[in-house]
Amino acid sequence: MTVEDRQDDLTQHIVAEAQRRVEEQHKAEVPQWQRHVVMAVNRGAYWLAKHWLALFNVLAGLYIGGAILAPVLMHYGHPRMADALYRFYAPFCNQLSFRSWFFFGPQMKYPLEHPLPLQEMVAYSQAIGAGNAAMGYKMALCQRCTAIYGSIFLLGVIYALLRHHVKIPALSLIAYTIIGIVPMGLDGAWQMGSEILKDMTPNLIHQAYEATALSRTITGTLFGVGLVGLVYPNMNYYFADIRKTLQERFGWH
């Protein structure tokens, strides 16, 4: 061994010893409960990095499943439980009966024959409520929201099955805007905007635009598919990096 090699070994030994002493001093300064908290946070982050997709899919499945469960409960004689679900979803969706799917009846939808003023539409929907035994019972989400969250759940499951076998690139923000936001904006925003404009300027707009069940389903599905295409691949890269970092640091598998 040359003199230079001995000097390099000595330098490495000194650096390693200094680092060890710094770590020991740091551990001595940090209370034990703090170290436990930090470790618990790291373990939580590692668990989330490994299971984030399963968690997302379960939550999406529960969300769309709860909307379907509401009419099932109504049909089988549990109105109080169903009402709790309708109330839970109410802040997130308009739940208008003529824009919702119905189960256990002769028809799956009861669209308006012609657009109504906004206040009349709300009153009409409230009069129908959740439905009845003769016409069936509506879902706790409207058709567009059903398409959005249903497609998020289904595409999430498909992504979970394919991501380890096929490299799935993320959609760009521009592509997502074209695929997901623009179609729904043209269909949904104009529907809402035309209702407001008709109430404000009846001489200018004589009849508001009312989207169809098909257009709501298509645009909602495109929005959900685009959202999964934009978010899930990026989340996969992000959590894979976290998982790798924690594995190297703590030796976890």
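Each value in this text was obtained by applying a stated rule to the coordinates, not by laboratory testing. Small disclaimer: the values here were computed from a predicted structure and weren't measured. Cβ placement follows ideal geometry from the backbone for every residue including glycine, while neighbour counts extend to all protein chains displayed.
Between Met200 and Lys109, take the C-beta separation as r, use R0 = 22 Å, and let me know the FRET efficiency to the nearest 0.05.
Rounded to the nearest 0.05, the efficiency is 0.15.
Pull out a ≥ b ≥ c, the square roots of the eigenvalues of the alpha-carbon gyration tensor of the range 87-181, then state rounded if a/c is under 1.5, prolate if not and a/b is larger than b/c, and oblate in the remaining case.
prolate
What is the fewest-to-most order of His164, His75, His51, His253 by other Cβ atoms lying within 10 Å of their Cβ?
So the residues, fewest neighbours to most, are His253, His164, His51, His75.
Specify the inter-centroid distance of the range 48-125 and the range 155-169, based on alpha-carbon positions, in whole Å.
Spelled out, the Cα-based centre of one part sits 28 Å from the other.
What list do you get for Arg99, Arg35 if you sort them by fewest beta carbons within 10 Å? It would help to have the intermediate numbers written out before the result.
On the way: Arg99 27, Arg35 12.
Starting with the residue having the fewest Cβ neighbours, the order is Arg35, Arg99.
Could you work out the relative contact order of the range 52-250, using alpha carbon pairs under 8 angstrom and six or more residues apart, expressed as a whole percent?
Contact order relative to length: 25 percent.
Return a whole-number percent for the relative contact order of the range 66-163, with Cα pairs under 8 Å and 6 or more residues apart as the contact set. Don't skip to the answer; put the middle values down first.
On the way: 118 pairs, mean separation 34.9, N = 98.
Dividing the mean separation by the residue count of the range 66-163 yields 36 percent.
Per 10 Å bin from zero, what fraction in whole % of the C-alpha pairs of the range 52-250 is there, up to the bin with the longest pair?
9, 28, 30, 20, 9, 3, 1, 0
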